[in-house]
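Inspection log for the structure reproduced underneath, given as structure tokens.
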Amino acid sequence: MPQIAALIDALLDAGACRPLAADLIVASWCDLVITAIGAGEDTTCLLADPITADGAFGELMTWCLEGRVPQRYLPYAITGPLVHDQTLIERIRRALD
């Protein structure tokens, strides 16, 4: 996470959009959760982290699984889910419930 924080600082120094840059930490956590679930690992500790209560976590996971792009990303993203493996999608949904 310190490297991501440094990246965010560099992006902000370069004039990046603050809300999008701030999502990098949450997006990294989403990726970590998805990767762990895909590898069949226990995600109890990952999902207990307070970052999962952040509204952005839910928005980004919904984008990954259902394709609903958060409003702040609409100018930059194509619509549609980011995860296409239906088995993995169901495993992620079960873990998040």
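Quick note: the coordinates plus some simple rules give every number you see, no bench work behind them. These numbers come from a predicted model, not from an experiment. Note that we place each Cβ from the backbone using ideal geometry, even for glycine, and neighbour counts take in every protein chain shown.
Brief remarks follow.
- A search for C-beta distances below 9 Å between a residue of region 36-56 that is within 28 Å of PRO19 (Cα to Cα) and any residue that is of a type in the set (Ser, Thr, Tyr), counting only pairs 6+ apart in sequence or on different chains, returns ALA36/THR43; ILE37/THR43; LEU46/THR52.
- Scanning region 49-97 for residues that are closer than 17 Å to TRP29 by Cβ and in a loop (DSSP other than H, G, I, E, B) yields ASP49, ASP54, PRO70, LEU82, VAL83.
- Contact map, region 74-97: residues that are touching a residue at least 60 places away in the same chain (Cβ under 8 Å) paired with residues that are surrounded by 13 or more Cβ atoms within 10 Å (Cβ to Cβ) and not in a loop (DSSP other than H, G, I, E, B), Cβ distance under 6 Å, separation 6+ or inter-chain. Pairs shown: ALA95/ILE37.
- Matching residues in region 1-30 - criterion: being loosely packed, with under 12 Cβ neighbours inside 10 Å and under 18 Å from TYR73 (Cα atoms): GLY15, ARG18, PRO19
- Among the residues of region 9-34, none is identified as over 11 Å from the mean Cα position of the chain (by Cα) and under 21 Å from LEU96 (Cβ atoms).
- Of all residues making up region 12-35, the number that are without any contact (Cβ under 8 Å) to a residue 12 or more places away in the chain and touching a helix residue (DSSP H, G or I) at 6+ places or on another chain (Cβ under 7 Å): 2
- Of everything in region 65-91 that is touching a Gly at 6+ places or on another chain (Cβ under 7 Å) and not hydroxyl-bearing (Ser, Thr, Tyr), the residue that is nearest to ILE37 (Cα to Cα) is LEU88.
- Here is the figure for region 68-97: residues that are surrounded by 14 or more Cβ atoms within 10 Å (Cβ to Cβ) and out of contact with any helix residue (DSSP H, G or I) (no Cβ under 7 Å at 6 or more places or on another chain) total 1.
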